[in-house]
């Protein structure tokens, strides 16, 4: 059986064609960047055009059983009744709505995290809606449908498709109650967001529309799709996706949810089962590696080889990886990174080692905090473009408090979207990508000096918003 998974990403549309029989094999993959420099686009028609191009390329001459979707979360795509945009499209990285969100939360009568599953954050969709509505007070009356990125594309491919959304994406709008499984009427009322403009929440494996007669399956957000691709849906088995951000996603049974959930970790229904995903992040993980290349004038491969020649965890220099702020469970976009302990003898190799160690220790610290709230990890499955750097992978394996395995595919989110399509056709299947063991030469704990530097950086920021 052949399936296609399509990922409406931040910088490009990516798609894969799978063969799923007794195992999963990626037959072909395509990537359609929005711009030559990798910049994102806020033109949803471009998303749809490139998605159709990718589907046509992968489906040519093939019998495709179903197509599944995933993509960047938290986008605001407000559409009027005539199909035109009712407001400027905003992406997760657009933080304009932070002041509007602060004002909203100050007036909110309940516990926001208890009602939405997450503390109020400017990268979620609600903040973008509040920003757009302040600029255009008539927005609510003109908004007929509110889409996330992947569902906009699905609707563009089939305008007659049902108006639905999966529960994983719905939670990312931050107006959905993942505990009661419903749109939260109090949040909607205060936000001035018409309930009629919101889609019906459905399962990730539900079909909603067709393209060239092929069923279109709703799918989930990119991190849940990546977890499905690699089999990180069972308690104790976590997904670590190393792309634009470093995202550690840990399954949490609903029965294990702490009674006093504070929303500091991101929380989403997986969309594939009855578990939640608990998510911690290192923002700009990929951008940090690019910054390192610019700083040193070395390629990624050169820096990886140089770092590999330095003992893990033993360098003098320290790096606290907040170049784009801190992520969950201490979300604060205003924090700055720290590179300290340099001397006149510090060269690219020592700096690369410090950056690798800092990134790995941050992820290890996040895993430790997740374990403290009832979401421990025994195995961490690594995926994403940065897994092509063996020195970085070895560093992660040394510091992460679990056995590490490497997924044998880079486009895990697109693969997960294809497997969501397979779940529609074969609900009982458990197929996922294969993994390879990451040897661990040594097992390290957080350095005391690094831990103190991290604590000082977090204490100097605003920490997370309460709610």
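No value in this document is a laboratory result; all are computed from the given coordinates. All values reported here derive from a predicted model rather than from experimental measurement. Cβ atoms come from the backbone with ideal geometry, glycine included; neighbour counts cover every protein chain shown.
Quick notes on this one:
- R0 of 56 Å, Cβ-Cβ distance residue 212-residue 255: FRET efficiency to nearest 0.05: 0.85
- For the chain, the 222 nm mean residue ellipticity estimated from helices alone, with every DSSP H stretch of n ≥ 4 adding -39500 (n - 2.57) and the total spread over all residues, rounds to -10500 deg cm²/dmol.
- Exposure proxy for 430, 298, 440: other Cβ atoms within 10 Å of each Cβ, ordered fewest to most, give 430, 440, 298.
- Contour minus Cα-Cα distance for residue 195 and residue 46 (0.36 nm per residue): 50.9 nm
- FRET E, pair residue 343, residue 82, Förster distance 51 Å, beta-carbon r, rounded to 0.05: 0.20
- Over 41 Å [Cα-Cα, the chain], rounded percent: 14
- Over region 2-221: Kirkwood hydrodynamic radius from C-alpha pairwise inverse distances, Å: 17.9
- Protection-proxy order for peptides 216-223, 162-169, 265-272, each taking the mean of Cβ atoms within 10 Å per residue, highest first: 216-223, 265-272, 162-169
- Taking 7 Å steps out from each Cα toward its Cβ at residue 451 and residue 378 produces label points 2.6 nm apart.
- Length gained on full extension, residue 56 to residue 37: 4.4 nm, using 0.36 nm per residue less the C-alpha separation.
- Antiparallel beta bridges, as assigned by DSSP with both residues in the chain, represent about 70 percent of the total such bridges.
- Extended-chain gain in nm, criterion 0.36 nm per residue less alpha-carbon gap, residue 134 and residue 314: 59.7 nm
- Measuring nothing but how far apart in sequence close Cα pairs (under 8 Å, 6+ apart) lie, relative to its length, region 2-221 scores a relative contact order of 21 percent.
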